[in-house]
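Report on the following structure.
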Amino acid sequence: MKITFLLTWGDEMGGTEQAVYTQATHLAPRHTVEVLSVFKTRERPFFSVDERVSVRYLVDRTGKTERPVRDSGIGAEECRRLAGLPSELISPKWEATFDALSDVEMNRALRTIDTDVLITTSPALMSAVADLVPSRVITIQQEHRPSQLRGATGEPLLLRAPEIDALVVLTERTKQWLEESLGKAAPRLAAIPNAIPEGFRPRSSLTGKSIVMPRRLVPDKQVDHAIQAFAKALPDHPGWRLRIFGDGPQMSRLRNLVQGLGLHDAVEILGPSQHMTEEWAKASLTMLPSQDGEAFPLVLLEAFAAGVPAVAYDIVTGPAEIIRHGVDGLLVPPNDIDGLAEAISRLMGDEELLRSYGENAYDGSARFAADVIVKQWEELFTELVLRRDDPQRMAERADRMAHRVAHGGAGRFHAAVAADRTAPSSGDQRARELVIGAANRSLVRAAGRLSEVRDDLQGSDILQRNFETVIAALDKHDIPYVLLRDREDTPRQRVAVDSTHQERVRKALATEYEGKAVYAELLKPRTHAPGVLLAERLEGAGEVGGLRVFRPVVTSSRTLRFGPAYGCDVEFWRLVPEEEGGDGQFVAPLRPSAVGPKLPSLTADARLRVRDREYPTLEPFTKKLVSDITFPVDAVYTWVDDSDPRWQERRAQRRAALGLDAEASGDEAARFRNRDELRYSLRSLAMFAPWVRKIYLVTDDQTPEWLNTAHPGIEVVSHRDIFTDASCLPTFNSHAIESQLHHIDGLSEHFLYMNDDVFVGRPLSAQRFFQPNGTSRFFWTPTTVPIGEATEEDEGYFAAAKNNRRLLEDRFGVTVANSFAHAPHPLRKSVLEQIETEFPESVARTAANPLRGWQDVSMVSSLHHHYGYLTGSAVPSSIRCAYIDVGTYARHPELTRLLAIRGHDVFCLGESQDAEVPDQEQARIIDAFLRAYFPVKSPYEL
């Protein structure tokens, strides 16, 4: 059959290009194989190409002017113009290199392509192929990166994958994520690793005392970690060298690091080499200290083919699929430089162990031999080509596309599951899980582990369950422990146990939870590979610094999972006697406690209450610490239901009295629009900020029909109860309402002000918003307030900010410029009272204005923060915040990334004044996203 690989640029040095040429070479003896490269970027490609593989290009970028490779009637000036225009076929956010000229050439080449199988090598190319290629061509996307971590470049995977025949990834972990995210919309999915490149590979003798690292010198490769680890190990192993082959923007920084560590005689940073087979023959070891982003590192296959063992960080995908820990290499917890140093030192200092690992690496590389990998590809090709004329093939494709729209989301949003950062079960553990799952049919597999399905548990409930899981085992087996505290009020519980009891702890957990879906993440393992084990398998885990014990839970939507991040830590603190250079105290194995990295004793002498029970602890942990927040923190929302006929009538009458049209539009209409966001914002507080004491919902005598008003943690407050001047009502000015919030009866001194379109995105502590001494925090953004005084033409937000600035200039003699993030606003009631006292006319004028006006001030979202800063009661801080304009189509993919990564502290779903997305479509997207992000009802709902 004829097989075509489609590359963006086939001439460059990269893992994707190397993998494609390797695969093409392996297929060439039995098939007609070609590589089609969109761009020609070098006179000669970096990688050599088998003569049986034809290579052709569409656009030539080797000259001064980009031009088609084919003979064409397009002149040089036209080429320049086309090259300067953005691509309409491929979004610049997916891949910025494409342009209007590449659109023309891809249209010409792909619409009439004559091939049996077309394999794309990036999501962007996959999208173009889905639009252009004839239906009879079998289309396969070969993913060369971990899809779950791609960000913007991975957007087409979830949007367009239903329209191709197959999606092939490099690891089972990525395949599993796609299965869960795409569901019934998934095409044929397969996990096929890369093959070892062809060619003679001289085997290393492992006598060279050389660590070889071919790496691009970019931040995510973390070459600096390798240099620092080598610096720690070198004093015990003189004569060893670290040789780094590569180039990149960090070259100068890394050379300075080498000089600063005094390693100029032991570390070489060399340029890229086309003769790495010769360098591997001289190597004794390699390191891979990358951050997330390595899908299936070919560098490890090359090393193993030469019999060179490896030490690598156990990141989300990649190294663990190649390295067999303790057999042909060692895996280290991500970003653990000390662990990396210990691992390489172990192999540098044990020649027999190094040789054993090298032998196993060489033998184990047969798993990735060409004949093994090519056989898997050919089986897939045969399966797909046999069905290409079957009418059912296109019917199934149409069904997949329908499933994506019906269940995956709307428009360019797709309800992806969260990306898991720990390895799923495999091998013996996977087999054991099948047995456990068969015995308990209520369990499901999610993120590669057995999980309970629960829609009734908040984050704090999950944390408590995991804590009680640990305590139950320790208590039953009479293992002494003490409850620790962190410097910050982190939600996860920590339990300290004398390290001499470690085997007893592991046995206790294994005994109590045999046959149960209880897991433990190994923290700083000494001998076992990093990862997650069933609790029943912990006896064989070996020495660890700690265990993070958890019961996996997933919601029925599968979009919210509670894994190790919600576990309870059991830490094994070691007593270091004076004869070993210690001071007779117990030392923290992972991180310091609230009172430091050492404890004089682990014998409990006090009790600490958690919920309705007291637990053994040490007396210092019962004291109020300087880092504790002990004051109450409330939350205040302002809310309106714009669909309420009575409210609409009141607004129409008020506008008529002011000589305005009854109906508002643009920004004013967008600000009033209710899409049920409040329900989900309350869910976000219940899930991720359970420390909020009470929530006040300020409304114009409106109450959401779903609200549980009997719950003691929430109270509906009427505008009539907070406005000191009743003649100001009814009001439809959010600035006016906000100017009166500090009049809420019973409101705590410290509170958060939240719009209903603001959400907490992950567990946060109160310290994120207030300092323990009571000082509030605020979050500046780079957005600046325009220069000049407020005018009637200004948008309401900027007019108020300008008025704030004028007040502050007159009072303090300084000018403010920055705006603030769309995040919860930490406020102090006393500061608002001071502002009202100091600027009574401005506050009264704002309160009396029934609609937003150019003379308003914005008390809670701006003026409070600047005034507090200038009077010493507020400080600038930072928060990871996202603002998504749901009224703009281009911003919708960011919702997918928010949902999959869940890496933002807070986020806001806003809408621009001139929204291009119709109201109903916005409503569908917001509903789909919020249901997926916050599927668990809050206690404030009926």
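Within region 484-560, which strands (runs of 3 or more DSSP E) (wholly inside it) include 1 or more residues that are acidic (Asp, Glu) and buried (at least 19 other Cβ atoms within 10 Å of the Cβ)?
Answer list for region 484-560: 494-498, 519-525.
I need the full set of residues from region 573-600 which are surrounded by 14 or more Cβ atoms within 10 Å (Cβ to Cβ) and either among the small types (Gly, Ala, Ser) or not assigned by TED's automatic domain parsing to the domain that holds residue 484 (or both), in order please.
582, 588, 593, 594
Within region 598-617, is even one residue at pLDDT below 95, acidic (Asp, Glu), touching a helix residue (DSSP H, G or I) at 6+ places or on another chain (Cβ under 9 Å) and farther than 29 Å from residue 521 by Cα?
no
If I go through region 430-480 residue by residue, how many of them are among the hydrophobic types (A, V, I, L, M, F, W, C) and in a helix (DSSP H, G or I)?
So the answer is 14.
Quick grid of which residues meet (1) assigned to a helix (DSSP H, G or I); (2) under 30 Å from residue 901 (Cβ atoms); (3) among the hydrophobic types (A, V, I, L, M, F, W, C):
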{"position": "705", "(1), (2), (3)": "no, no, no"}
{"position": "720", "(1), (2), (3)": "yes, no, no"}
{"position": "759", "(1), (2), (3)": "no, yes, yes"}
{"position": "764", "(1), (2), (3)": "no, yes, yes"}
{"position": "767", "(1), (2), (3)": "yes, yes, no"}
{"position": "774", "(1), (2), (3)": "no, no, no"}
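Return a yes/no flag: does region 898-915 have any residue that is modelled with pLDDT of 95 or more, over 27 Å from the mean Cα position of the chain (by Cα) and surrounded by 22 or more Cβ atoms within 10 Å (Cβ to Cβ).
Within region 898-915, none of the residues are modelled with pLDDT of 95 or more, over 27 Å from the mean Cα position of the chain (by Cα) and surrounded by 22 or more Cβ atoms within 10 Å (Cβ to Cβ).
For region 352-374, give me the residue count where each residue is within 15 Å of residue 286 (Cα to Cα) and acidic (Asp, Glu).
Going through region 352-374 one residue at a time, the tally reaches 1.
Looking only at region 850-869, decide whether some residue is at pLDDT below 95, over 19 Å from the mean Cα position of the chain (by Cα) and under 30 Å from residue 555 (Cβ atoms).
The answer is no; no qualifying residue exists.
What residue, of 508, 529, 517, is within 19 Å of residue 544 (Cα to Cα) and within 32 Å of the chain's Cα centre (by Cα)?
On the way: 508 fails: within 32 Å of the chain's Cα centre (by Cα); 517 fails: within 19 Å of residue 544 (Cα to Cα).
Criteria check complete, one pass: 529.
Looking at 321, 379, 342, 352, can you tell me which residue is under 24 Å from residue 142 (Cβ atoms) and either in the same structural domain as residue 236 (by TED's automatic domain parsing) or surrounded by 16 or more Cβ atoms within 10 Å (Cβ to Cβ) (or both)?
Every option except 321 fails the conditions.
When you scan region 92-126, how many residues do you find that are more than 26 Å from residue 386 (Cβ to Cβ) and under 28 Å from the mean Cα position of the chain (by Cα)?
Selection size over region 92-126: 10.
Just the residues that are farther than 26 Å from residue 298 by Cβ and in contact with a strand residue (DSSP E or B) (Cβ under 7 Å, 6 or more places away or on another chain), please, taken from region 366-391.
Result: 385, 388.
Working only within region 48-62, note down all residues that are over 19 Å from residue 120 (Cα atoms) and surrounded by 15 or more Cβ atoms within 10 Å (Cβ to Cβ).
Passing the criteria: 50, 60, 61.
Yes or no, residue by residue, for (1) modelled with pLDDT of 95 or more; (2) in contact with a Leu (Cβ under 7 Å, 6 or more places away or on another chain); (3) not assigned by TED's automatic domain parsing to the domain that holds residue 858:
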| position | (1), (2), (3) |
| --- | --- |
| 714 | yes, yes, no |
| 727 | no, no, no |
| 733 | no, yes, no |
| 754 | yes, no, no |
| 759 | yes, no, no |
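Pick out the one residue from 65, 32 that is surrounded by fewer than 16 Cβ atoms within 10 Å (Cβ to Cβ), among the hydroxyl-bearing types (Ser, Thr, Tyr), touching a strand residue (DSSP E or B) at 6+ places or on another chain (Cβ under 6 Å) and over 29 Å from residue 294 (Cα atoms). Write out each step before concluding.
Working: 65 fails: touching a strand residue (DSSP E or B) at 6+ places or on another chain (Cβ under 6 Å).
None of the others qualify; the one that does is 32.
Considering every residue within region 16-39, establish whether at least one is closer than 23 Å to residue 141 by Cβ and of a type in the set (Asp, Glu).
Taking every residue of region 16-39 in turn, at least one turns out to be closer than 23 Å to residue 141 by Cβ and of a type in the set (Asp, Glu).
Suppose we filter region 1-29 for residues that are of a type in the set (S, T, N, Q), farther than 22 Å from residue 294 by Cβ and part of a helix (DSSP H, G or I); how many remain?
So the count comes out to 1.
Do we have residue 186 as in contact (Cβ under 8 Å) with a residue 24 or more places away in the chain, buried (at least 23 other Cβ atoms within 10 Å of the Cβ) and not polar (S, T, N, Q) here?
no
If you check residue 310 against the conditions, is it in contact (Cβ under 8 Å) with a residue 60 or more places away in the chain and buried (at least 23 other Cβ atoms within 10 Å of the Cβ)?
When the stated conditions are applied, residue 310 does not pass them.
Consider residue 191 against the criteria (1) under 29 Å from residue 49 (Cβ atoms); (2) surrounded by fewer than 24 Cβ atoms within 10 Å (Cβ to Cβ); (3) in contact with a Pro (Cβ under 8 Å, 6 or more places away or on another chain): it satisfies all of them except one. Which criterion is unmet?
Failed condition: (3).
Out of curiosity, is residue 504 modelled with pLDDT under 95, within 24 Å of residue 534 (Cβ to Cβ) and not aromatic (Phe, Trp, Tyr)?
It is false that residue 504 is modelled with pLDDT under 95, within 24 Å of residue 534 (Cβ to Cβ) and not aromatic (Phe, Trp, Tyr).
Residue-wise test of (1) in contact with a Phe, Trp or Tyr (Cβ under 8 Å, 6 or more places away or on another chain); (2) part of a strand (DSSP E or B); (3) closer than 28 Å to residue 426 by Cα.
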site	(1), (2), (3)
258	no, no, no
279	yes, no, no
292	no, no, yes
307	yes, no, yes
312	no, yes, yes
320	no, no, yes
339	no, no, yes
343	no, no, yes
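For region 144-241, list the strands (runs of 3 or more DSSP E) that sit wholly inside it and hold at least 3 residues that are farther than 30 Å from residue 385 by Cβ; which are they?
Passing ranges, in order: 210-214.
Could you run through region 174-216 and say how many residues are of a type in the set (Gly, Ala, Ser) and under 28 Å from the mean Cα position of the chain (by Cα)?
6
I'm trying to understand the selection: among the residues of region 240-285, which are closer than 18 Å to residue 197 by Cα and among the β-branched types (Val, Ile, Thr)?
The one that is closer than 18 Å to residue 197 by Cα and among the β-branched types (Val, Ile, Thr): 277.
Does residue 570 satisfy being more than 30 Å from residue 775 (Cα to Cα) and either assigned by TED's automatic domain parsing to the domain that holds residue 927 or over 32 Å from the mean Cα position of the chain (by Cα) (or both)?
Spelling it out, it is not the case that residue 570 is more than 30 Å from residue 775 (Cα to Cα) and either assigned by TED's automatic domain parsing to the domain that holds residue 927 or over 32 Å from the mean Cα position of the chain (by Cα) (or both).
Counting just the residues of region 1-26 that are aliphatic (A, V, I, L, M) and at pLDDT below 90, which one comes out surrounded by the most Cβ atoms within 10 Å (Cβ to Cβ)?
Within region 1-26, the match that is surrounded by the most Cβ atoms within 10 Å (Cβ to Cβ) is 19.
Right, residue 462: β-branched (Val, Ile, Thr) and crowded, with 20+ Cβ neighbours inside 10 Å or not? Lay out the reasoning, then the answer.
Working: β-branched (Val, Ile, Thr): yes; crowded, with 20+ Cβ neighbours inside 10 Å: yes.
Yes, satisfied.
Check whether at least one residue in region 625-635 is at pLDDT below 95 and within 28 Å of residue 738 (Cβ to Cβ), and report yes or no.
Yes.
The values are calculated or read from the model by the stated rules, or taken from the named source; none is laboratory data. Small disclaimer: the values here were computed from a predicted structure and weren't measured. When we count neighbours, we look across all protein chains shown, and the Cβ atoms used for this are built from the backbone with ideal geometry, even at glycine.
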